[in-house]
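Worksheet: the structure to be examined is printed underneath.
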């Protein structure tokens, strides 16, 4: 093939692909996934130089070597190039000179099996403020000179030291999670740092970062032997995540009076005395602290979001919750509760989750929580939902505009729990259509059979009124040839939408 013919074919290819992908641009953003696998017509990315885009997202799963000339992407400000398969050794080659890619601000190269020698041109991206180079075997060799960076993410890069990081004087957000045995002492020079994430780094203490007095967000979760004795020095902390650190002594937290968000999920806590002084706290996660005593929560008057699932909270233990009148979101799933009468004063609740408990009766005051938008009570022992029927927005449930999620799985006859071979009457079948959305995932319908004419009508109306959907797994055929007892002995799953 002559050079002229080849050029003609190239031009034809570029024109065709340009027309094809210009139509996929939305608000200056082109997201094309793994184009080499999904679009067999793509052989190279040369056609991108014909398209005016500001954001380019490539999710690469092939072994194609991607070459992008900087002249192709002069207007680009966001480049998201993410691989998913290390074994296929994705390769990225950015040919950059001083005059090109001058507008690039965000670059995501995570999980592309890159090495240091492939990053030598990064320093030429003069406006780059966000770099995600996670899950590549690289260090700071070609990164430390990008002084424009404000956000740097290097998760799972096999870092052993961060000596060169001190030159990144504008860095505000740093994530070096899943890098073990790092010497953190150079971090103290990052005076602009406000957010630091070091999950799963094998940390035993945080002494080396206590000079970062401007830190507002600190995440040191999943460091099993962590102690936080010196954390009181971080006086500007507003958000702290120390979850998944078993047997953690939280006494030093008493000095962090400015904290707004605290996650101590699965820390083996039994006492919360240290939290008494955290009067500004608005979000607290106590999940999986099975033996925790929550009596000190009464001092946290500003709490809005409280998660305590999988805590062993007997009814008398949760009386303290009545003092938290600013709560809008409360999660008490799997807490061995029998009743929730103490929640009566919590009139600001918008989301209440009390699933997987031993609750028998829903207090009538639940119907007076006029702000409630989501209620989840599945897998309890409730059979009477009259308190919900008194809710001022009860009639709006079917409209889905106030209470958006009503979930009563496995609660007595109303949701057809046959674990104890309960039977349901015709009246209950008719009444069931009061709810627009009822989730009953543990009931599976193989067959519905009846010879009873009125029950046949009831079932028919029941199915029509709430658009009952029968699991495709069973490929059920409704045959009305048996009695009501057999119906509910054969019910294994019914879903409603």
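Mind listing whichever residues of region 167-187 are over 20 Å from residue 200 (Cβ atoms) and assigned to a loop (DSSP other than H, G, I, E, B)?
Passing the criteria: 168, 169, 170, 171, 172.
Given the criterion under 23 Å from the mean Cα position of the chain (by Cα) and at pLDDT 95 or above, identify the matching residue among 250, 242.
On the way: 250 fails: under 23 Å from the mean Cα position of the chain (by Cα).
Exactly one residue qualifies, and that residue is 242.
Residue by residue through region 344-360, note down the ones that are over 27 Å from the mean Cα position of the chain (by Cα) and either surrounded by 16 or more Cβ atoms within 10 Å (Cβ to Cβ) or in a helix (DSSP H, G or I) (or both).
Passing the criteria: only 359.
Residues being farther than 20 Å from residue 266 by Cα and either surrounded by fewer than 20 Cβ atoms within 10 Å (Cβ to Cβ) or touching a helix residue (DSSP H, G or I) at 6+ places or on another chain (Cβ under 7 Å) (or both): count how many of those fall in region 321-337. Talk me through it step by step, then tell me what you get.
Our first condition is that a residue be farther than 20 Å from residue 266 by Cα; within region 321-337, this holds for 321-328.
Then drop every residue that is not either surrounded by fewer than 20 Cβ atoms within 10 Å (Cβ to Cβ) or touching a helix residue (DSSP H, G or I) at 6+ places or on another chain (Cβ under 7 Å) (or both), which leaves 321-326, 328.
Number of matching residues: 7.
Out of everything in region 300-320 that is out of contact with any helix residue (DSSP H, G or I) (no Cβ under 6 Å at 6 or more places or on another chain) and assigned to a helix (DSSP H, G or I), what residue ends up being surrounded by the most Cβ atoms within 10 Å (Cβ to Cβ)? Give the steps one after another, and end with the answer.
Applying the first criterion (out of contact with any helix residue (DSSP H, G or I) (no Cβ under 6 Å at 6 or more places or on another chain)) to region 300-320 yields 300-317.
Now drop any that are not assigned to a helix (DSSP H, G or I), which leaves 315-317.
Details: 315: 15, 316: 8, 317: 18.
So, considering only residues that are out of contact with any helix residue (DSSP H, G or I) (no Cβ under 6 Å at 6 or more places or on another chain) and assigned to a helix (DSSP H, G or I), the one surrounded by the most Cβ atoms within 10 Å (Cβ to Cβ) is 317.
Search region 136-166 for residues being over 17 Å from residue 201 (Cα atoms) and out of contact with any helix residue (DSSP H, G or I) (no Cβ under 9 Å at 6 or more places or on another chain), and hand back the single one that is surrounded by the fewest Cβ atoms within 10 Å (Cβ to Cβ).
Top of the filtered list is 148.
Test residue 370 against the stated conditions and say whether it is within 30 Å of residue 254 (Cα to Cα), at pLDDT below 90, out of contact with any helix residue (DSSP H, G or I) (no Cβ under 6 Å at 6 or more places or on another chain) and surrounded by fewer than 18 Cβ atoms within 10 Å (Cβ to Cβ).
For residue 370, the condition - within 30 Å of residue 254 (Cα to Cα), at pLDDT below 90, out of contact with any helix residue (DSSP H, G or I) (no Cβ under 6 Å at 6 or more places or on another chain) and surrounded by fewer than 18 Cβ atoms within 10 Å (Cβ to Cβ) - is not met.
Mind listing just one residue for me: the one in region 257-274 that is under 26 Å from the mean Cα position of the chain (by Cα) and over 19 Å from residue 333 (Cβ atoms) and, of those, modelled with the lowest pLDDT?
268
If you scan region 285-299, which residues turn out to be on the phi < 0 side of the Ramachandran plot, out of contact with any helix residue (DSSP H, G or I) (no Cβ under 8 Å at 6 or more places or on another chain) and either modelled with pLDDT of 95 or more or surrounded by 17 or more Cβ atoms within 10 Å (Cβ to Cβ) (or both)?
Applying the first criterion (on the phi < 0 side of the Ramachandran plot) to region 285-299 yields 285-287, 289-299.
Cutting the leftovers down to out of contact with any helix residue (DSSP H, G or I) (no Cβ under 8 Å at 6 or more places or on another chain) gives us 285-287, 289-292.
Within region 285-299, 285, 286, 287, 289, 292 qualify.
Going through region 168-183 one residue at a time, which ones are surrounded by fewer than 19 Cβ atoms within 10 Å (Cβ to Cβ) and in contact with a helix residue (DSSP H, G or I) (Cβ under 9 Å, 6 or more places away or on another chain)?
Scanning region 168-183 gives 169, 183.
I'd like the full set of residues that are assigned to a loop (DSSP other than H, G, I, E, B), modelled with pLDDT of 70 or more and surrounded by 13 or more Cβ atoms within 10 Å (Cβ to Cβ), limited to region 7-41.
First pass over region 7-41, keeping only residues assigned to a loop (DSSP other than H, G, I, E, B): 23-25, 27-28, 32-34, 39-41.
Add one more test, that the residue is modelled with pLDDT of 70 or more, and what stays is 23-25, 27-28, 41.
Hits for region 7-41 are 25, 28.
Please verify whether region 191-199 includes one or more residues that are within 25 Å of residue 290 (Cα to Cα), out of contact with any helix residue (DSSP H, G or I) (no Cβ under 7 Å at 6 or more places or on another chain) and not assigned by TED's automatic domain parsing to the domain that holds residue 153. Don't jump to the end; show me each part of the working.
Within region 191-199, the subset within 25 Å of residue 290 (Cα to Cα) is 199.
Filter once more, so that each one left must be out of contact with any helix residue (DSSP H, G or I) (no Cβ under 7 Å at 6 or more places or on another chain): 199.
Within this subset, residues satisfying the condition of being not assigned by TED's automatic domain parsing to the domain that holds residue 153 are 199.
The answer is yes, given that some residue of region 191-199 is within 25 Å of residue 290 (Cα to Cα), out of contact with any helix residue (DSSP H, G or I) (no Cβ under 7 Å at 6 or more places or on another chain) and not assigned by TED's automatic domain parsing to the domain that holds residue 153.
Looking at the structure I just gave you, is residue 2 surrounded by 14 or more Cβ atoms within 10 Å (Cβ to Cβ) and either out of contact with any strand residue (DSSP E or B) (no Cβ under 9 Å at 6 or more places or on another chain) or at pLDDT 75 or above (or both)? First the steps, then the outcome.
Numbers: surrounded by 14 or more Cβ atoms within 10 Å (Cβ to Cβ): no; either out of contact with any strand residue (DSSP E or B) (no Cβ under 9 Å at 6 or more places or on another chain) or at pLDDT 75 or above (or both): yes.
The answer is no for residue 2.
Could you tell me which of the residues 118, 208 is surrounded by 16 or more Cβ atoms within 10 Å (Cβ to Cβ), within 24 Å of residue 241 (Cβ to Cβ) and over 27 Å from the mean Cα position of the chain (by Cα)?
Numbers: 118 fails: within 24 Å of residue 241 (Cβ to Cβ).
Exactly one of 118, 208 is surrounded by 16 or more Cβ atoms within 10 Å (Cβ to Cβ), within 24 Å of residue 241 (Cβ to Cβ) and over 27 Å from the mean Cα position of the chain (by Cα), namely 208.
The values are calculated or read from the model by the stated rules, or taken from the named source; none is laboratory data. Remember, predicted model here, so these are calculated numbers, not experimental data. Quick reminder, even Gly has a Cβ in these numbers, built from the backbone with ideal geometry, and neighbours come from all protein chains shown.
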